[in-house]
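The values are calculated or read from the model by the stated rules, or taken from the named source; none is laboratory data. Treat the numbers as computed from the prediction; the structure is a model and nothing was measured. Glycine also receives a Cβ, built like all others from the backbone with ideal geometry; neighbour counts cover every protein chain displayed. SASA here: full protein model, heavy atoms, side chains in, ligands and nucleic acids out. Shrake-Rupley method; radii C 1.70, N 1.55, O 1.52, S 1.80 Å.
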Amino acid sequence: MSRPALLVAAALLLAGCTPTVSPARPSTVRPGAPALQASFSESGVLWLEGGRVTLARAPAYRRVSVPLQAQATAVGWQTANRTDTPWVALGAVGVLVTADARPVVLQAGRVVALTATRAYREDGSTVSYDGTPGAGLLGTPDATVTGGDGLEYATQAGKLYRVDSGGQTLLSTAALPYLYATPGGAATSNAPTAVTASGSYTLTGTALERRDAAGVLLASVPHPPGVVGAVGPLIVTLQPGGTLRFFAPELRELTP
């Protein structure tokens, strides 16, 4: 995108006061992409559903619709220097924009996934949030995450990779559908999962379960399908339609 075109895109984003979503080109809608995509950080929850983006910052968790002039293709929190910044990818126009009152716009190409450190394009190449190109995958990732060890991980066609300066390193040829960070890196499971020092938390489709490091069930509460993550000491779940629920580590439900 030329500099004038980028400035026009930025002006449109800044001018919007209510969400206005225009159709993305087919190539920006990744086949198999989840209908509900969420990113959790110490600062709150950011999610994408139906092309629209919502931000709920801790501790009040007031839901704010992010005004956009193109369909969002990915969301993620950048974590750097103890600061969390919410980013949104607009793949059809090739830019990233912060989900803040005064957004920053970064030319990035056709981004399909975001992690705490970088953006992944359709072709698997990456760019950091300061615009620096980086190592990536050969081809479109299915899911990406920054592991607890600070390294990058991705799944693609049933395989789990670590992504570093040397490119992609195959870790498993039997990756499960859901990728999540662990203290030592990343792992996959058959259902949405989050891991903290208090255990692992999984949404089975009918319940939210807490297990210890050995996989022993410690607690379970009824819960419909959704996604799960950690925001500070809280376990936070998000259901389709934007319903947030909050739990203490032992799965006692809370009202923030």
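Out of Ala154, Ala191, one residue alone is small (Gly, Ala, Ser), assigned to a strand (DSSP E or B), surrounded by 13 or more Cβ atoms within 10 Å (Cβ to Cβ) and modelled with pLDDT of 95 or more. It is Ala154. Restricted to the stretch 133-147, and to residues there that are of a type outside the set (S, T, N, Q) and in contact (Cβ under 8 Å) with a residue 40 or more places away in the chain, the residue that is farthest from Tyr180 (Cα to Cα) is Asp142.
Does Leu138 meet the test of being open to solvent by 20 Å² or more (accessible area, probe 1.4 Å) and in a strand (DSSP E or B)? Spelling it out, it is not the case that Leu138 is open to solvent by 20 Å² or more (accessible area, probe 1.4 Å) and in a strand (DSSP E or B). State all residues of the stretch 45-67 that are more than 24 Å from Asp142 (Cα to Cα) and either part of a strand (DSSP E or B) or not β-branched (Val, Ile, Thr) (or both); if no residue qualifies, say none. If the condition is that a residue be more than 24 Å from Asp142 (Cα to Cα) and either part of a strand (DSSP E or B) or not β-branched (Val, Ile, Thr) (or both), then Ala56, Arg57, Ala58, Pro59, Ala60, Tyr61, Arg62, Arg63, Val64, Ser65, Pro67 are the ones that fit. Take Gly167 and tell me if it is out of contact with any strand residue (DSSP E or B) (no Cβ under 7 Å at 6 or more places or on another chain) and not basic (Lys, Arg). Yes. Scanning the stretch 55-70 finds no residues that are in contact with a Phe, Trp or Tyr (Cβ under 6 Å, 6 or more places away or on another chain), at pLDDT 95 or above and within 26 Å of Ala181 (Cα to Cα). Out of Val88, Val112, Val97, one residue alone is at pLDDT 95 or above, open to solvent by less than 20 Å² (accessible area, probe 1.4 Å), assigned to a strand (DSSP E or B) and under 24 Å from Ala157 (Cα atoms). It is Val112. Restricting Arg102, Arg82 to residues that are of a type in the set (Lys, Arg), surrounded by fewer than 23 Cβ atoms within 10 Å (Cβ to Cβ) and over 23 Å from Leu68 (Cα atoms) narrows the list to Arg82.
Pairing each residue of the stretch 206-227 that is open to solvent by less than 50 Å² (accessible area, probe 1.4 Å) with any residue that is of a type in the set (Lys, Arg) and outside any loop (DSSP other than H, G, I, E, B), provided the two are 6+ apart or on different chains, yields C-beta distances under 7 Å for Ala219/Arg210. Residues in the stretch 228-256 that are surrounded by fewer than 17 Cβ atoms within 10 Å (Cβ to Cβ) and within 20 Å of the chain's Cα centre (by Cα): how many? The number of residues fulfilling the criteria is 8.
None of Thr196, Thr173, Thr237, Thr169 is of a type in the set (Val, Ile, Thr), at pLDDT 95 or above and closer than 19 Å to Pro34 by Cβ except Thr237.
Report whether or not Leu48 is closer than 21 Å to Tyr180 by Cβ and open to solvent by 10 Å² or more (accessible area, probe 1.4 Å). So Leu48 fits the description; yes.
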